[in-house]
1. Counting only residues that are touching a residue at least 60 places away in the same chain (Cβ under 8 Å) and aliphatic (A, V, I, L, M), which one in the range 113-140 is farthest from residue 153 (Cα to Cα)?
2. Among the residues of the range 15-43, count how many are of a type in the set (Gly, Ala, Ser) and touching an Asp or Glu at 6+ places or on another chain (Cβ under 7 Å).
3. Which residue is farthest from residue 9 (Cα to Cα), if the candidates are limited to the range 72-88 and must be polar (S, T, N, Q) and open to solvent by 30 Å² or more (accessible area, probe 1.4 Å)?
4. Quick check on this structure: which one of 17, 54 is within 14 Å of residue 83 (Cα to Cα), among the charged types (D, E, K, R) and touching a residue at least 12 places away in the same chain (Cβ under 8 Å)?
5. Does residue 165 satisfy the criteria of being out of contact with any helix residue (DSSP H, G or I) (no Cβ under 9 Å at 6 or more places or on another chain) and either assigned to a loop (DSSP other than H, G, I, E, B) or surrounded by fewer than 15 Cβ atoms within 10 Å (Cβ to Cβ) (or both)?
6. Does residue 30 satisfy the condition of being more than 19 Å from residue 101 (Cα to Cα) and either open to solvent by 70 Å² or more (accessible area, probe 1.4 Å) or not small (Gly, Ala, Ser) (or both)?
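The values are calculated or read from the model by the stated rules, or taken from the named source; none is laboratory data. Note that the structure is predicted; figures quoted are calculated from it, not measured. Virtual Cβ from ideal backbone geometry, glycine too; neighbours counted across all protein chains shown. Note: areas computed on protein heavy atoms with side chains; ligands, DNA, RNA excluded. Shrake-Rupley method; radii C 1.70, N 1.55, O 1.52, S 1.80 Å.
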Amino acid sequence: MEDPWREMYTIAVIDDDIFIGDMLEKALSKEGYQVIRAYSGTEALLLLERRRPDLILLDLMLPGLSGEQVIEKISDIPVIVVSARTSVDDKVTLLTGGAVDYVTKPFDIRELMARISAQIRAAENQREKSREEKMLIFEEIRMDLETREVSVEGKLVHLTPTEFAVLK
């Protein structure tokens, strides 16, 4: 079942293998994802300074900075490592060091798509949970602690800072 919100998501493909990168871009685009690419570790960091993708597919054996060096610089973006390395030690190190998943090359594209979908769902659930934590709700009154907006029965109510503090 296709997710109607996929077109909202951007995935960064960081891989120096042009064939694999092209294949991933084509498959991801076909599924409705927007794709941005980098071909080296250094280029990846420059790309991530300009754009914030929703998920990163990261190869480890990159020119310039290695995938391990790149992942150390990434925070708050799920990273799925896609690598030919099969060592359990490599996998454990990366999974405990920041990666959310590890897929070994060669891989089945359907499995990778399922893993991507699962990670995006998990990230979206976490964002939703975070939004809910910034919201106070009592019966028909909703207070957004971040935007400082208050609504009663769905209608915005203007409050002074003091009124907001008292109501909170």
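1. By that ranking, first place goes to 113.
2. 3
3. Checking each candidate, the answer is 87.
4. It is 17.
5. Details: out of contact with any helix residue (DSSP H, G or I) (no Cβ under 9 Å at 6 or more places or on another chain): yes; either assigned to a loop (DSSP other than H, G, I, E, B) or surrounded by fewer than 15 Cβ atoms within 10 Å (Cβ to Cβ) (or both): yes.
Considered against the rule, which asks whether it is out of contact with any helix residue (DSSP H, G or I) (no Cβ under 9 Å at 6 or more places or on another chain) and either assigned to a loop (DSSP other than H, G, I, E, B) or surrounded by fewer than 15 Cβ atoms within 10 Å (Cβ to Cβ) (or both), residue 165 comes out as yes.
6. yes
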